[in-house]
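Below is one structure, written out as structure tokens; the observations come after it.
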Amino acid sequence: MELNQSGQCDRFSCAERSVSAVSVFLYICAAAVVLLTVFGNLLIIISVCHFKQLHTPTNMLILSLAVSDFLVGVFVMPTALVWTIESCWMFSAGYCLFYILISYFLTNISIYTVALIAVDRYFALSNPFLYTKIATLSTMCIVVLCNWFILLLYNITLQYFNGYYAKMTMCPGDCFFMLDEIWSLVDLLLTFALPCSVIIILYGLVFVIVKKHATAIRELNTVTNTQTTKHMTDSMKSERKAAKNLGILVSVFLACLFPYFIYTVLGNLIEIEVGNFQKVLMLVYLNSAINPVIYALFYPWFRKCVKITLTLQILNTDSALINVLS
């Protein structure tokens, strides 16, 4: 410690130590968030891939969302957190190009996967017999792969025709993607307005159907109590529960997403501070850490899968056949 004649710590040295202590604390918190994102989503990926009982069309969409969230935790979140903590782009211009592409791409994947989940739930509840015929596991895998390929192609095209903007100075440095007015409008419509409209409209219809199912279940239980009606009511209750749980996931996702797009729209009209925009952008990325917590709270099968995985029972022969839904 540096002392002056009065025995007091030099004010500049104290300030440096204070900043350093805050930075260490922030980096510890950042590391915890990244670890939660990576390992939480990795557990979801392992669960859906390993246990055969979870090989359903809907779970293929959940797997797609978990993979995109996992990649956010690996490639996007560490860089974004360092940038936010340091208030400065610390990396090269070449890495800026990669960061922009991967962050835009994975954000778009998440948005469209959630939209596909809304379509899946609406289709399953509104026309269950047709759903079981059309929505097979192989069909959903093709849909997921097409979703990833098309969005990757779109983001590469977006960068190719707009270039990128990376103002690299010692500090502060920035790494932002600037679109012209036409591309900005196209991107806003394709990556926000369209999928979010689908999500909101279809989930509104889903909860209308859920309400009708609840009324139908009460009427069936009142009129008769045969084995057939019991099986029917159990199936309807299962679909209702799945819709409600996924509704929570979708609601949290939209809550994290809306501030970013509001800032994006305002950025075309008024000048906004870089620091505020970074915080709003971090909220989008933090959704990737929140999703595993939602699964842990509302999905008993996920808690059971985590227990089996962490206790290494997953290494046992025929562990893939364990009943995780009971």
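Summary of computed values
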{"item": "Qualifying residue in segment 102-112 (condition: within 18 Å of the chain's Cα centre (by Cα) and loosely packed, with under 15 Cβ neighbours inside 10 Å)", "result": "no"}
{"item": "Residue that is farthest from S68 (Cα to Cα) [pool: residues in segment 286-326 that are assigned to a helix (DSSP H, G or I) and of a type in the set (G, A, S)]", "result": "S319"}
{"item": "Filter pass, D69 being within 24 Å of F277 (Cα to Cα), acidic (D, E) and more than 19 Å from the chain's Cα centre (by Cα)", "result": "no"}
{"item": "Subset of segment 260-272 (residues that are of a type outside the set (S, T, N, Q) and at pLDDT 65 or above)", "result": "Y260, F261, I262, Y263, V265, L266"}
{"item": "Considering residues of segment 49-64 that are buried (at least 22 other Cβ atoms within 10 Å of the Cβ) and in contact with a Phe, Trp or Tyr (Cβ under 9 Å, 6 or more places away or on another chain) only, the residue modelled with the highest pLDDT", "result": "S64"}
{"item": "Identity of the residue in segment 118-159, among the small types (G, A, S) and over 22 Å from the mean Cα position of the chain (by Cα), that ends up nearest to V250 (Cα to Cα)", "result": "A124"}
{"item": "The listed residue being assigned to a helix (DSSP H, G or I), surrounded by 15 or more Cβ atoms within 10 Å (Cβ to Cβ) and at pLDDT below 85, out of L283, L249, L257", "result": "L249"}
{"item": "Scope segment 305-320; condition under 15 Å from V48 (Cβ atoms) and more than 28 Å from the chain's Cα centre (by Cα); matching residues", "result": "S319"}
{"item": "Among (1) in a helix (DSSP H, G or I); (2) touching a residue at least 12 places away in the same chain (Cβ under 8 Å), the one test that F129 misses", "result": "(2)"}
{"item": "Answer residue from segment 135-185, given it is outside any helix (DSSP H, G or I) and of a type in the set (D, E, K, R) and is modelled with the lowest pLDDT among those", "result": "K167"}
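The values are calculated or read from the model by the stated rules, or taken from the named source; none is laboratory data. What you see is a predicted model, and the numbers here were worked out from it, not measured in a lab. Glycine gets a Cβ as well: all are built from the backbone with ideal geometry, and neighbour counts include every protein chain shown.
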